[in-house]
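*Asks:* The following block contains the structure, expressed as structure tokens.
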Amino acid sequence: MTINTSSKISVLMSVFDAEEYLHESIDSVLNQKYVNIELIIINDGSDDGTNKIIKSYNDKRIKLYVNKKNIGLTQSLNIGLDMCSGEY
């Protein structure tokens, strides 16, 4: 499959108390050679420093949604799927 360089790619990530590896995960997505992406992060009710880490990024490609309580991976990903606007 060949991706047109003008096509937006949506990357969906659900996190819960993920502060230990979150910087590495976000950086891995944002530092890809292909830059026409959106990174949708669903914070699934974390009570550690996860939200602070996500908000420390000043990148318009990141969209953050915060669940008030932990609802689980499946429901969080479904919320994120509704937020995706990429072609892929």
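*Asks:* With the requirement that a residue be more than 11 Å from the chain's Cα centre (by Cα), of a type outside the set (G, A, S) and within 17 Å of I79 (Cα to Cα), what does segment 10-50 give you?
*Replies:* Those that are more than 11 Å from the chain's Cα centre (by Cα), of a type outside the set (G, A, S) and within 17 Å of I79 (Cα to Cα): F16, D44.
*Asks:* If you go through segment 59-71, how many residues are surrounded by 13 or more Cβ atoms within 10 Å (Cβ to Cβ), outside any strand (DSSP E or B) and either out of contact with any Asp or Glu (no Cβ under 6 Å at 6 or more places or on another chain) or of a type in the set (G, A, S) (or both)?
*Replies:* 1
*Asks:* Could you go through segment 30-47 and let me know if any residue there is in contact with a helix residue (DSSP H, G or I) (Cβ under 8 Å, 6 or more places away or on another chain) and part of a helix (DSSP H, G or I). So that I can check it myself, show each step before the final result.
*Replies:* The first filter runs over segment 30-47 and keeps only residues in contact with a helix residue (DSSP H, G or I) (Cβ under 8 Å, 6 or more places away or on another chain), leaving 37, 39-44.
This time we only want the ones that are part of a helix (DSSP H, G or I), so: none.
Checking segment 30-47: not a single residue is in contact with a helix residue (DSSP H, G or I) (Cβ under 8 Å, 6 or more places away or on another chain) and part of a helix (DSSP H, G or I).
*Asks:* Check whether at least one residue in segment 11-21 is in a loop (DSSP other than H, G, I, E, B), among the acidic types (D, E) and at positive phi, and report yes or no.
*Replies:* yes
*Asks:* Sticking with this structure for a sec: Please work out if D48 is among the charged types (D, E, K, R), free of Cβ contacts under 8 Å to residues at least 40 places away in the same chain, over 20 Å from S10 (Cβ atoms) and open to solvent by 20 Å² or more (accessible area, probe 1.4 Å).
*Replies:* For D48, the condition - among the charged types (D, E, K, R), free of Cβ contacts under 8 Å to residues at least 40 places away in the same chain, over 20 Å from S10 (Cβ atoms) and open to solvent by 20 Å² or more (accessible area, probe 1.4 Å) - is met.
*Asks:* Ok, one more. Being modelled with pLDDT under 85 and open to solvent by less than 70 Å² (accessible area, probe 1.4 Å) is the filter here; which residues of segment 1-19 pass it?
*Replies:* Filtering segment 1-19 down to residues modelled with pLDDT under 85 leaves 1-6.
Listed by number, the list holds a single entry, I3.
*Asks:* Within segment 51-65, restricting attention to residues that are of a type outside the set (D, E, K, R) and under 11 Å from the mean Cα position of the chain (by Cα), which residue is nearest to V11 (Cα to Cα)?
*Replies:* First, the residues of segment 51-65 that are of a type outside the set (D, E, K, R): 51, 53-54, 56-58, 62, 64-65.
Next, only the ones that are under 11 Å from the mean Cα position of the chain (by Cα) stay: 54, 62, 64-65.
Values: I54: 15, I62: 10, L64: 12, Y65: 14 Å.
Within segment 51-65, the match that is nearest to V11 (Cα to Cα) is I62.
*Asks:* Here's another thing I want to ask about it. Specify the residue that is nearest to C84 (Cα to Cα); the eligible residues are those in segment 25-45 that are open to solvent by 30 Å² or more (accessible area, probe 1.4 Å) and not hydrophobic (A, V, I, L, M, F, W, C).
*Replies:* In the first step, residues of segment 25-45 are kept if they are open to solvent by 30 Å² or more (accessible area, probe 1.4 Å); the result is 25, 27-28, 31-36.
Among the residues that remain, those that are also not hydrophobic (A, V, I, L, M, F, W, C) are: 25, 27-28, 31-34, 36.
On the way: S25: 18, D27: 19, S28: 19, N31: 19, Q32: 18, K33: 20, Y34: 17, N36: 13 Å.
Taking the candidates together, the pick is N36.
The values are calculated or read from the model by the stated rules, or taken from the named source; none is laboratory data. Given the structure is predicted, the values throughout are model-derived calculations rather than measurements. With ideal geometry, Cβ positions are generated from the backbone for all residues, glycine too; neighbour counts draw on all protein chains shown. Just so you know, the surface numbers come from the protein's heavy atoms only, side chains and all, with ligands and any DNA or RNA stripped out. Shrake-Rupley method; radii C 1.70, N 1.55, O 1.52, S 1.80 Å.
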